[in-house]
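Reading through the structure tokens given below for one structure.
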Amino acid sequence: MFAVAFPLFLISSDLWLIVNEAPLYEYGFDKRHIAEETGIPKDELMKVAHHLIRYFNGQESSPQVEVTRFGEPFEIFNEREIVHLRDVKAVIRFFYLLQWVTAAGIGIYLLALAIFRRRRLLRETARGLLLGGIGTLALIGLVGLWAMVNFDSLFRLFHHLGFRNDLWQLDPSHDYLIMLFPQGFFFDVALLLLGALAAEILLLSGWAWFYLRRKKDRPPYEPAFGVSDHKIV
């Protein structure tokens, strides 16, 4: 349970950080020259970004936001985009829930170890970190290679798994959601997520490996049938 819960907790936590990191949106807007491409000033683009962050966190009732383009105010999202953003919010909230559930599972596991197997707390924790880390690093490598070779197919697979409709298939010629957040933006996000996750896993699994190597992963001696472990003189 712990070996599965801890990488899921890291994934959901990193996603939480990415969703709520306004500078990441700003970086994407600047890198892909979104202000020049759309005619929407950068401060208005950031207004959209901050509004979406609040919407994903339940602080706004609708993803719709009014911006100014060429001096004229207008509502940036059409009905198809609004419905899709509701679906996106549902996926994000699922990962928020996953973060809390896995955090609770990890806490319960560590508490149980501390109460019932205190002497093996660090050892069992290290073994779980190492086991979960090896599997997660293998998955990161696979997904990372897939993203570098053919990100479009990975992008489509994620949407087919995450959504039950085709509302995510937007037209970049008139749908502002895809203009603001093109596929290249999500490619950068995917690399950031995989890189951060790999660094975290390597750090934790590295500690676990060194700890287990130092301890040689040997169980403590427990005398059988009540025989004392005192030396016979």
Practice prompt. With a cut-off of at least 3 residues that are farther than 30 Å from residue 127 by Cβ, name the helices (runs of 4 or more DSSP H) lying wholly within the stretch 1-85.
Written response: 22-31, 34-38, 42-56
Worksheet item: When you go through 119, 93 one by one, which is the residue that is modelled with pLDDT of 95 or more, outside any loop (DSSP other than H, G, I, E, B) and surrounded by fewer than 14 Cβ atoms within 10 Å (Cβ to Cβ)?
Response: 93
Worksheet, complete the sentence: When the stretch 59-105 is checked residue by residue, the ones that are in contact (Cβ under 8 Å) with a residue 12 or more places away in the chain, over 17 Å from the mean Cα position of the chain (by Cα) and more than 21 Å from residue 167 (Cβ to Cβ) are 67, 68, 69, 70, 105
Discussion item. Checking the condition in contact with a helix residue (DSSP H, G or I) (Cβ under 7 Å, 6 or more places away or on another chain), part of a helix (DSSP H, G or I) and surrounded by fewer than 12 Cβ atoms within 10 Å (Cβ to Cβ), which residue from 103, 114 passes?
Written reply: 114
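The values are calculated or read from the model by the stated rules, or taken from the named source; none is laboratory data. Keep in mind it's a predicted model, so treat the numbers as computed, not measured. For neighbour counting, all protein chains shown are included, and Cβ atoms are generated from backbone atoms with ideal geometry for every residue, glycine included.
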